[in-house]
Each structure stands twice: as structure tokens, then as C-alpha cells.
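No lab work stands behind these numbers, since they all come straight from the coordinates. Here the structure is a predicted model, which means the values were calculated and not measured. Reconstructed Cβ throughout: ideal geometry from the backbone, glycine too, with neighbour counts over all protein chains shown.
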Amino acid sequence: MGEIPVFFLHGLVYAGLLFLVSAGLTLVFGMMNVLNFAHASFYMLGAYFSYSLLRVTNNLWLSLLICPLLLFLLGALIERYLLRRVHVFGHLHELLLTFGVAYIIQELVKLTWGNHPLGVNLTGFLADTVDLFGLTYPVYRLFMFSCAVFISLTMAIVLYKTRTGIIVRASVDDNEMVNALGINVPRVFMGVFAFGAALSGFAGVIAGPLLATYPGMAAEILVDAFVVIVIGGFGSLGGALVASFMIGEIQAFGTLLFPDLSMALIYMLMAVVLIIKPSGLFGEELL
């Protein structure tokens, strides 16, 4: 029984990390209707960029600022010069293109950093532990969860309470009308795609010191991220948040109680949701 609070906290931390990745994928796939198979590669690049920067500066805060910015620029270039050219042809072309981009990124990562896992040693207060409700828990895990909470609240405020958010949501609902009002819709979509890449890169930066940085980390998180948006519903940030929490806790307690079935439990949950509500928990019904 003493392990339950610890695994509950572990589930919250992974849920926060998963939301940071799946939120960007929700924006790109659910709102823009762009199938981006390379989304998790931005997460991996964020971890590797941070690893290299930390070796030089030993400053995690600098990595949290610079690495997402680099991924923002990379995402903008990919959307402008690659995805925009094939978007009109449908999801199959997007899938093939982004799969190729993901493969190229993975091979470049292996060529640059190698195949072996890379670890990051934390220093300062982030490497300490704290007494929490009678438990000794790492400060860095709480920091990861705090980052996820802060970013989710910021995204909700920007998307639903600001003019920028209104433009983004209006462009998704009726881009021809928004374009007629003088707003450059392709530029809006490029910004959304780039922001999704930066958000995924931010998740990679904070995941690197806790999890091993290695070429296979993109494939592992991508599957869970797609499951999140299927369960939560396409285009729903609230759905992504709830689904991330569900999957995070299922993985944590599945590892504790049913180690042989921990991975299968996630897909069982997805199957149940799709049977009961095919559009996802918070998704709109497709007519």
C-alpha cells in the first residue's frame, strides 16, 4: 500500500510529459488535419539538442529556452517547404513525407550522437529530493509535472481568451472566410505547426535528464501520443489532458499490479472508448 502514492505521482509525471507531446500533435493533426508522423522526432531532437547544450553550459534553463526555439524554426521550415506542398493531396502523401522526415532525422541522430543511450546529470536543487506527504520524492519529477501544468494553462488561455487563439480556431473552422478577412491563413497554420514542434521539443528537453536519450525514444512516445488523441478526441486539448492522465496512471499502476499486461491495458482502454464513442471522449461526431 505504501507504493501506491509513489506510483500515482509517477503516473502524473508521465501524464504531464505525454500531454506536452500530444498537445502539439492534437493541434497539428486534430485542428489542422495534418498527419505528422515526424512529430515525435522533434521530441527526440529536443532531448539531443539539450544534451549537447548541457555539456557546454551545464544550464538546463538555457536549454529550455534555446532548444524549443530551434525546433520552432525547424518545424516552420518543414511546414513551409515540404508539408504545404503535399497537404492538398491528402493524408497518404503527408504520411509518406513525414515518415521519410522522421527516418532522416533518426539516421542523422545516430550519425551525430551514436546509438548508445546518453545520460544527463542534474545539479542544484533539481537533483534533490523533497518530503511530500511522508514520501521522499525527486524534485525534478515534480518540476516536470509543474511545467506541464503551467504550459497547459497557458495554452488554454491563449487559445480561448486571446485574439491569436480566436484566429487559429476560426482558421480551422472556415479558413476561406478567415482568408477573405485579410488574415494569412497559411502563415497561421505554419505558426501552429511550428509551435507544436517547439512544444514537443520542450518535452524532450525536460525528459532527457529523467529518461535515457536514445534514438528509439521517438517511436516509444509517438504511439502513446496517438493513443491520447484518439481517446481524447481530435482537436480537443481538454480531451488530450484527460487521456494523458488516464494513460499515465494506467501505465504506472499497470507496471505495479499487472506488469505483463501494462502495455496491453492502454490499447484495451482505447478499444473500449472507440466502441462506446468512436469520436473520442471529447471529440465531435463526424457526419
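Could you work out the helix-only [θ] at 222 nm for the chain, with each DSSP H run of four or more residues adding -39,500 (n - 2.57) and the total divided by the number of residues, to the nearest 500 deg cm²/dmol? Walk me through the numbers before you get to the answer.
Values: 11 runs with 199 residues, N = 287.
Using -39500 (n - 2.57) per qualifying helix, the result is -23500 deg cm²/dmol.
Distance from a point 7 Å along Cα→Cβ of VAL130 to each backbone N in region 15-39: keep the residues under 17 Å and list them by number.
16-17
Please arrange LEU269, LEU18, LEU261, LEU35 by counting, for each residue, the other beta carbons lying within 10 Å of its beta carbon, fewest first. Walk me through the numbers on the way to the answer.
On the way: LEU269 16, LEU18 25, LEU261 12, LEU35 21.
So the residues, fewest neighbours to most, are LEU261, LEU269, LEU35, LEU18.
Could you list, bin by bin from short to long, the percent of Cα-Cα pairs of region 149-284 in 5 Å steps?
2, 9, 13, 19, 19, 16, 11, 6, 3, 1, 1, 0
Taking all pairs of different Cα atoms in region 1-96, averaging 1/r and flipping that mean, what Kirkwood radius in angstroms comes out? Intermediate results must be reported in sequence, preceding the final value.
Details: mean 1/r = 0.0644 Å⁻¹.
Mean inverse Cα-Cα distance, inverted, gives 15.5 Å.
Compute from the Cα atoms of the chain the Rg and the Dmax, the latter being the longest Cα-Cα distance, and quote both in angstrom.
My reading of the Cα-based Rg and Dmax gives 19.0, 61 Å.
With springs only between Cα atoms under 10 Å, which of LYS277, LYS110, LYS161 fluctuates most in a Gaussian network model of the chain?
LYS161
Ordered by packing density, taken as the mean number of other Cβ atoms within 10 Å over each peptide's residues, highest first, how do 226-233, 164-171 rank? Working shown, then result.
Values: 226-233: 24.0, 164-171: 16.6.
Highest to lowest by the protection proxy: 226-233, 164-171.
Taking the number of other C-beta atoms within 10 Å as the exposure measure, put ARG187, ARG80 in order starting with the fewest.
Working: ARG187 12, ARG80 16.
Ranking ARG187, ARG80 by Cβ neighbours within 10 Å, fewest first, gives ARG187, ARG80.
Just want to confirm a number: the relative contact order over region 167-264, from Cα pairs under 8 angstrom separated by 6+ residues, in percent. Let's see the in-between values first.
Details: 40 pairs, mean separation 10.8, N = 98.
11 percent.
Highest first, please rank the peptides 244-253, 115-124 by the mean number of other Cβ atoms sitting within 10 Å of their residues. Before the final figure, lay out the partial values.
On the way: 244-253: 21.8, 115-124: 12.4.
In decreasing order of mean packing, 244-253, 115-124 become 244-253, 115-124.
From Cα pairs below 8 angstrom and at least 6 apart in sequence, can you work out the relative contact order of region 70-167, rounded to a whole percent? Please list the in-between numbers first.
Values: 32 pairs, mean separation 9.7, N = 98.
Value for region 70-167: 10 percent.
Between ASP260 and LEU77, what is the spin-label point distance in nm, taking each point 7 Å from the Cα along the Cα→C-beta axis?
If labels sit at ASP260 and LEU77, their model points lie 4.9 nm apart.
Given a cut-off of under 8 Å on Cα pairs at least six residues apart, what relative contact order in percent is computed for the chain?
Relative contact order for the chain comes out at 37 percent.
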